[in-house]
Amino acid sequence: MKARPKTFTVSGRTFTVHYVRDHALLNDEDMGRTDYDHGRILVRTYLDGTRLPADAVREALWHELMHAAFWSAGLPECAENEDLILQVSNAVLQIVTSAK
């Protein structure tokens, strides 16, 4: 996977990824947000005026990708389960980054 993909497709639906310093849809504590209706993912790149490490941005991206994957698979209850999303996104990220 590209370090910072701009689009991806899951279950035939294309999502656009926006890397943002700040955005009206992001609360102060949000690292990202998936907008299913508009096929858009926002990923924060700065927090409190400080650029986030690449690992933190990557983790946030994978977290949001899992929201999109579960939603696109017709599992909205899973897509909205933050504990599940956190566990799955961390596991998948570890698989992807450790693959040889």
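Go through segment 63-100 and report how many residues are assigned to a helix (DSSP H, G or I) and at positive phi.
0
Among Ala69, Ala73, which is the only one that is more than 9 Å from the chain's Cα centre (by Cα) and in contact (Cβ under 8 Å) with a residue 60 or more places away in the chain?
Ala73
Of everything in segment 5-62 that's in a loop (DSSP other than H, G, I, E, B) and under 20 Å from Val88 (Cα atoms), which residue is nearest to the chain's Cα centre (by Cα)?
Step by step, filter segment 5-62, then rank; the result is Met31.
So, in segment 31-60, of the ones that are among the small types (Gly, Ala, Ser) and closer than 25 Å to Gly74 by Cβ, which residue ends up surrounded by the fewest Cβ atoms within 10 Å (Cβ to Cβ)?
By that ranking, first place goes to Gly39.
Do any residues in segment 4-17 that are farther than 17 Å from Ala79 by Cα have Cβ atoms under 9 Å from those of residues that are of a type in the set (D, E, K, R) and part of a loop (DSSP other than H, G, I, E, B), where the two are at least six apart or on different chains, and which pairs are they?
From segment 4-17, the pairs are Thr16/Lys6; Val17/Arg4; Val17/Lys6.
FYI, it's all coordinate maths here, none of it is from the lab. Keep in mind that what you see is a predicted model, and the values were worked out from it rather than measured. Please note: Cβ atoms are built from the backbone with ideal geometry, for glycine as well, and neighbour counts cover all protein chains shown.
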